[in-house]
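The values are calculated or read from the model by the stated rules, or taken from the named source; none is laboratory data. Note that the coordinates shown come from a computational prediction; the quantities given were computed from them, not determined experimentally. All Cβ positions, even for glycine, are placed from backbone atoms using ideal geometry, and neighbour counts span all protein chains on display. With ligands, DNA and RNA removed, areas are computed over all heavy atoms of the protein, side chains included. Shrake-Rupley method; radii C 1.70, N 1.55, O 1.52, S 1.80 Å.
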Amino acid sequence: MLANYLAGVKNKRIAVLEWNCHGDFDRFGIQCLGLKKPAEQYGILGACYFPRADEETLIQCISGAYQVILLDCGRIEEGKRADLVRCRTKLIIGSFCEWQVQSYTAILRERKPLKDGWHYLTAFGSEESRKIAERRLKLPIEKVPYIPDAYEVTKETISLFGRLLG
């Protein structure tokens, strides 16, 4: 969603790195492009997606033609947590669904100052749980608008990302 906003609305050259071991980028790249087998990268709606990205991929993207590099870290406990420090803006997206609220709340308790580029968002779960967490932790937690098609850019996503990214 963020990559589509940056490519489509802000006209930026975007690299999105799969900075985890989920394999999701291969699955959606093959599906979106109708390929028979995985590729080293996928160009979708103006953004380049790099599955199984590593340090070398990151170096190539930094020294390449990309204006923005997004790291999809997956679940924060998967070990690449220190890499977040490299990023100018950190969007930590979690869920207030019953089975995920405990792990997201633990991350929120370790919160970093918003002035240092940290932003907390939620895509799913109870609105009541989100409000309780905001009050208890004295931390704004933005709601990501529900959009059935993750590639669609709407007024709501333009407003959210415009506010978060300036």
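Anyone know which of TRP118, TRP99, TRP19 comes out most mobile in the 10 Å Cα GNM of the chain?
TRP99
Rank these residues by their accessible area, most exposed first, probe 1.4 Å: GLU55, GLU98, GLU134.
Numbers: GLU55 90, GLU98 150, GLU134 50 Å².
The ranking, largest first, comes out as GLU98, GLU55, GLU134.
Out of region 1-39, which trypsin sites (Lys or Arg not before Pro) are coil in DSSP terms and have no more than 16 other C-beta atoms within 10 Å? Let's see the in-between values first.
Numbers: sites: LYS10, LYS12, ARG13, ARG27, LYS36; in loops: LYS10, LYS12, ARG13, LYS36.
Loop-located and lightly packed - LYS10, LYS12, ARG13, LYS36.
Lysine pairs, Cα distance under 15 Å, 8 or more residues apart or cross-chain: how many in the chain?
Here the count comes out as 8.
What nm value, rounded to one decimal, do you get for the distance between LYS10 and GLN31 when each label is placed 7 Å out toward the C-beta?
Taking the simple label geometry, LYS10 and GLN31 are separated by 2.6 nm.
Of the listed values [x] 9, 18, 13, 9, 8, 9, 8, 8, 6, 5, 4, 2, 1, 0; [y] 9, 35, 39, 15, 2; [z] 7, 22, 28, 26, 15, 2, identify the label whose number matches P(r) over Cα pairs in 10 Å bins from 0, in percent calculated from this model.
Of the labelled values, this structure produces [y].
Show me the three semi-axes of the equivalent ellipsoid for region 1-69, from the C-alpha gyration tensor (sqrt of 5 times each eigenvalue), largest first, rounded to whole Å. Walk me through the numbers on the way to the answer.
On the way: eigenvalues 69, 49, 18 Å².
After scaling each eigenvalue by five and taking roots: 19, 16, 10 Å.
First measure r as the distance between the Cβ atoms of ILE93 and ASP54, then evaluate 1/(1 + (r/R0)^6) with R0 = 22 Å and state the FRET efficiency to the nearest 0.05. Please list the in-between numbers first.
Working: r = 23 Å, r/R0 = 1.04.
Here the calculated transfer efficiency is 0.45.
With a point put 7 Å past each Cα toward its Cβ, work out how far ALA39 is from ARG136 in nm, to one decimal.
Spacing of the two 7 Å Cα→Cβ label points: 4.6 nm.
Label points 7 Å out from Cα along the Cβ direction at SER159 and THR105: separation in nm?
3.0
In terms of the Cα gyration tensor, with a ≥ b ≥ c the square roots of its eigenvalues, is region 90-166 rounded because a/c is under 1.5, prolate because a/b exceeds b/c, or oblate? Intermediate results must be reported in sequence, preceding the final value.
Working: a/c = 2.07, a/b = 1.26, b/c = 1.64.
It is oblate, given that a/c is not under 1.5 and a/b is not larger than b/c.
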